[in-house]
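The values are calculated or read from the model by the stated rules, or taken from the named source; none is laboratory data. These figures come from a predicted structure and were not determined experimentally. All Cβ positions, glycine included, derive from the backbone under ideal geometry; neighbour counts span all protein chains shown.
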Amino acid sequence: MNCGKGNVHKRIIHKNKGVTMVELIVTFALLAIFMGAATMCISHAIIFFYDEQQRMSSYTVADGVLSEIKAEIRTMQGSEDGLNGYVKLRNTSDANTGATLEYITSNINDNENAVQIDANGCNDLLINGKDNTLRELTVEGEPTNSANLESGYLTMRYYGRPVEINHVYKKLFEDKIVTGTTAGNVATLVSHIGKKVVWHAQEKLPIDFYQEHKIDLEFKLQPRDEGGVKYVDYVDVIVYVKDADGAETVYQKERRIALQNKVKYKPSTEATMYSDIP
């Protein structure tokens, strides 16, 4: 009986020989293949998720910028009933397309301020509208006289008409301190003659709204002729949402904004600012 049991134990030991080196290598090789495939699937999923998140955030940026632009320009000042409203393109690539839109604010109690909308930033000097003296700001603990707004974000700049005896200058907005103007006669501004000024400049949306994107803007006008005068009924706005470096466009959106008032069109060659004077 004991001899029979001993043979059974030997047979069990003989069958349970363990894992050979070849089997172990094959197992690890297969495991590496499966892990590599799984890693590729996960990495592709992460990349897809990140791209989709970036795409969705670019939609939000475009919609937000267009919403702000629409709210600002749709009620620009008209050109009838004694009003001097107009709309004009600057930084133009052709007669009807430009990167900057200039117009007159609808609030006529605000001294007919000219407004420029673009994404070019603003380093113009800030000037007090009432007495034409330089405004001083403190940025990161350092005093400055300029707006220092970075490009790639929705920017609005406001220009006022200075009190001026010269009948030509009365019709122009102040974006440049030139000899002979009220601003040029202020002692504190003598060293700044010829530089551009603005009485107010702001980034219309907080930078964190852009979610690591930057933008470019393009405006299009299609003037119509009415009795020998050209008018504009709408403004086409294109927002180019770019990556964090501003190098590549990841999304673009266009919207047509109808104007509430009847607004005259001024070509880019027609003087509206001091800097337009040769």
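Could you tell me whether segment 179-200 includes any residue that is touching a His at 6+ places or on another chain (Cβ under 6 Å), at pLDDT 75 or above, crowded, with 17+ Cβ neighbours inside 10 Å and under 26 Å from residue 77 (Cα atoms)?
no
Scan segment 73-86 and give yes if some residue there is in contact with an Asp or Glu (Cβ under 7 Å, 6 or more places away or on another chain) and either at pLDDT below 80 or surrounded by fewer than 17 Cβ atoms within 10 Å (Cβ to Cβ) (or both), otherwise no.
yes
If the requirement is being at pLDDT 95 or above, touching a Lys or Arg at 6+ places or on another chain (Cβ under 8 Å), surrounded by 17 or more Cβ atoms within 10 Å (Cβ to Cβ) and of a type outside the set (D, E, K, R), which of these qualifies: 66, 89?
66
Limited to segment 117-166, what total is found for residues that are surrounded by fewer than 19 Cβ atoms within 10 Å (Cβ to Cβ), β-branched (Val, Ile, Thr) and under 21 Å from residue 205 (Cβ atoms)?
1
Is there any pair linking a residue in segment 176-190 that is of a type in the set (Gly, Ala, Ser) to one that is in a helix (DSSP H, G or I) and at pLDDT 65 or above, with Cβ under 6 Å and at least six apart or on different chains, and which?
Between residues of segment 176-190 that are of a type in the set (Gly, Ala, Ser) and residues that are in a helix (DSSP H, G or I) and at pLDDT 65 or above, the close pairs are 183/189.
Conditions (1) within 26 Å of residue 266 (Cα to Cα); (2) surrounded by 13 or more Cβ atoms within 10 Å (Cβ to Cβ); (3) at pLDDT 95 or above, marked per residue:
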position: 221; (1), (2), (3): yes, yes, yes
position: 227; (1), (2), (3): yes, no, no
position: 235; (1), (2), (3): yes, yes, yes
position: 244; (1), (2), (3): no, yes, no
position: 250; (1), (2), (3): no, yes, no
